Protein chains: 2
Amino acid sequence: METEKMLDAEMSRRSLLINGGKCVVGVAGIAALVSAVPGLAEAKGTSYEKFQYKKVNPEEAAKIAYENYFDLWCASTVLKGIFDPLAKNVGGPYKTFPIESIRWAHGGYAGWGTLCGTLIGAGNAIGLITGNIETAEAMTNDLAFYYANTVMPVYKPAKAIKAEIKTTTKADTPVCHISVGKWMKAENVAFLTNERAERCARVAATIASKTVEMLNAWHAAGGKYTPVNKPLANVLNNGITSQNNCVECHGTNVPTPPAAKS
Amino acid sequence: METEKMLDAEMSRRSLLINGGKCVVGVAGIAALVSAVPGLAEAKGTSYEKFQYKKVNPEEAAKIAYENYFDLWCASTVLKGIFDPLAKNVGGPYKTFPIESIRWAHGGYAGWGTLCGTLIGAGNAIGLITGNIETAEAMTNDLAFYYANTVMPVYKPAKAIKAEIKTTTKADTPVCHISVGKWMKAENVAFLTNERAERCARVAATIASKTVEMLNAWHAAGGKYTPVNKPLANVLNNGITSQNNCVECHGTNVPTPPAAKS
């Protein structure tokens, strides 16, 4: 079997979490895997341990992310929402980490419209805090599922900074271009408007809040994380890195990736 | 003008680089902007300055990225390719920075197929090293243009680690799913194959090398970076965060984003 050969040849046991080949791993199985397998960080004794975690109030993280969006934009403001409370309550590297160093991730990579920058901000925080590559893998996967399937923005500020907005939308994807496009259409506003900026600020707040909820759960469980979602089935089926909603972009003309040779 | 109002209302002078509204800024104009305007980091006195830079050999960065791909995958291995030579020649934070903390960026975000992880690895390095948000913005934009428009992989190892591969392809996008899909089709191999892994390892090497070339040029110019490409025109035209090759995904049925109200 090509798939199994690859699992032997390329993927270490650590990567089973996301490249389970033909083994359809249930949620419980994934959870066990995440907690049982040490990450590269632990094995190599990196400086991960410096990013100690204490429970963060999701509402506080959301408020910080929301209020700083207009200066920092999506990726950096999520990182700030998560790190600022920790800088206050833990100190250490949270006090000096350059929040602005990932601002380039806004707008789907300097405006290229690919991955929503909020998820890069959250991913960086998750990677540094959890210090475990499997936990970070499972958590970012769950966060992408949350982003794609949640009617957003969830966060509502006590007082809008830029504009009152009327609509919420479900992106069905973590892609910036599609997420913001669906909302712009529903709200009937252009990209460079106060309304669009307000919406993205609230999405950043929503993602900062959700990330902190995940980190709090992980921390409360002694550094174990129970994934909600399985890795994307397309990779398990030996297809290609993607979601399953192919027709949304491709219409009825969905390309077929080359099949595995058995 | 809605656009101009937004530029006043939402965007600071720092953001002119990428949100120039109706001012069509030429390359020389952008370059002047990048070098003349201090970044948030400098203004706030963060710890950016700890990531001191010395010229890195692009071939060395490429080789490290290539050889470590099979353990670290795309994002982290690019970061390693850039950081390892600096850990040796500069030391400081390069020696302890947790390279593995961004492994979640592989496969377009934990396998979701969005932004190629190599560009997230490069972006993190660029942001930490340059310590200037405008420089990082311009450099990541140029890197996305390079990624989209270059027949890849460029890097060829002295000896292939996983497999000999025959084809090279131009992605026309920084999106993982499309980039790898076009190559898989040309090479006629499935995702979980040694050939595909070999190709992504060489792409990672290519991006590590290109990033180091950019950083070397920036460093040789005393911390000034001359952008090659303008920010994406779609944002300038008040459209939506994206490239201009709409029909590749959308076919002839390209949605029209709501127009700006003048």
Quiz item: Restricting attention to segment A:141-163, which residues are more than 14 Å from chain B (Cβ to nearest Cβ) and of a type outside the set (Val, Ile, Thr)?
Solution: A:MET152, A:PRO153, A:TYR155, A:LYS156, A:PRO157, A:ALA158, A:LYS159
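Here is a yes/no grid of residues against (1) part of a loop (DSSP other than H, G, I, E, B); (2) more than 18 Å from the chain's Cα centre (by Cα); (3) of a type in the set (D, E, K, R); (4) within 11 Å of chain A (Cβ to nearest Cβ):
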residue: B:GLY181; (1), (2), (3), (4): no, yes, no, yes
residue: B:GLU198; (1), (2), (3), (4): no, yes, yes, yes
residue: B:GLY223; (1), (2), (3), (4): yes, yes, no, no
residue: B:PRO231; (1), (2), (3), (4): yes, no, no, yes
residue: B:THR241; (1), (2), (3), (4): yes, no, no, yes
Quiz item: Scanning for something closer than 27 Å to A:MET184 by Cβ and at pLDDT 95 or above, does segment A:83-91 turn up at least one residue?
Solution: no
Exercise. Mind telling me which of the residues A:VAL203, A:VAL189, A:VAL212 ends up being within 11 Å of chain B (Cβ to nearest Cβ) and either crowded, with 24+ Cβ neighbours inside 10 Å or within 30 Å of B:ASN188 (Cα to Cα) (or both)?
Key: A:VAL189
Quiz prompt | Flag if A:GLY117 is touching a Ser or Thr at 6+ places or on another chain (Cβ under 7 Å), small (Gly, Ala, Ser), closer than 30 Å to B:ASN149 by Cα and modelled with pLDDT of 95 or more | solution = no
Quiz item: Quick check, is A:ASN149 buried (at least 23 other Cβ atoms within 10 Å of the Cβ) and of a type in the set (S, T, N, Q)?
Solution: no
Exercise. Output the residues belonging to segment B:86-124 that are of a type in the set (A, V, I, L, M), crowded, with 24+ Cβ neighbours inside 10 Å and outside any loop (DSSP other than H, G, I, E, B).
Key: B:LEU86, B:ILE99, B:ILE102, B:ALA105, B:LEU115, B:LEU119, B:ILE120, B:ALA122
Quiz item: Is it true that some residue in segment A:129-141 is of a type in the set (Gly, Ala, Ser), more than 14 Å from the chain's Cα centre (by Cα) and surrounded by fewer than 24 Cβ atoms within 10 Å (Cβ to Cβ)?
Solution: no
Practice problem: Run B:ALA105 past the list (1) of a type outside the set (S, T, N, Q); (2) touching a Cys at 6+ places or on another chain (Cβ under 8 Å); (3) in contact (Cβ under 8 Å) with a residue 60 or more places away in the chain; (4) at the interface with chain A (Cβ under 7 Å from one of its Cβ atoms) and report the number of the one that doesn't hold. | Solution: (3)
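The values are calculated or read from the model by the stated rules, or taken from the named source; none is laboratory data. Note that the structure is a prediction, hence the values are computed from the model and not measured. All Cβ positions, glycine included, derive from the backbone under ideal geometry; neighbour counts span all protein chains shown.
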